[in-house]
Amino acid sequence: MVALYKRAVNSVALYSLHFDQPTYYSLNMQFKSSFLTLLASVSVVVSSAIPDNFCAPTSRVLVNTSKVTSAGHEITVATHACSAATHAARDIERRAVYNICGVGMVGPTCTTAFGTVAPVYADCQALNSAIAALGAGATFTVSPGYVQTFTYNTCQYGFVNYNSASGPTVSDCDNGFAGVASSIDINCIVHGSPPSPGGYMTTSPGTVYTPATALNYYIYAAHS
């Protein structure tokens, strides 16, 4: 049985997965073999469904991209609009940014919606380590109708803010984001039954946040 587990990392509350037996993982992906065995027995949702307002890769518009070297790996960080219409209608006025770092997540839901080819797990490990190494205080911001992606070779992690153009802008912490993505890696790409080419996690039902629309996002891991 899987439940949410809350912990503090550098005074920031983060959530990861907690199992019936006391098992923990670190963001640098150094897992014990006993943990991998346990993860293999975890039941996760397998579905071809995707959240509403998926922000499909085929309809995205690249806004900017940059290369970042971290933990010995060069990763690509990019911002995409979910569609050309979204980018054309973007609100350039200054607006409040809502920090959702530490908000509980549920899942993952394993899916073929992001593609039918799985990323190489070693690439996901390298990507995860690189993001986590950016530091506990590092954050990124995603405007409504946009997605932030982190890519290394075959593996991509994404944060999709699927609000309409008038919705809130949100920010997440790199460490917490990497922790969620690693759960998808392990439970879908590695130990899914059968292994899945990708998956996503959404915010926990019943989470109270103001404004509530700041929780209209999901995090995914899939082939780049």
Rank these for me by crowding, L62, L127, going from fewest to most other beta carbons within 10 Å.
-> L62, L127
Amide H of T139: which non-local residues (sequence gap of 5 or more, or other chain) have their own amide H closer than 5 Å, using H built in the peptide plane?
-> D174
What is the mean projected area of the alpha carbon convex hull for the range 66-145, to one decimal in square nanometres?
-> 7.6
Of the listed peptides 148-155, 135-142, what is their order by residue-averaged count of other C-beta atoms within 10 Å, with the highest listed first?
-> 148-155, 135-142
Take S83, project a point 7 Å from its Cα along the Cβ direction, then tell me which residues of the range 114-156 have their backbone nitrogen under 14 Å from it.
-> 145-146
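Each value in this text was obtained by applying a stated rule to the coordinates, not by laboratory testing. Not measured: the values here are computed from a predicted model. Cβ atoms come from the backbone with ideal geometry, glycine included; neighbour counts cover every protein chain shown.
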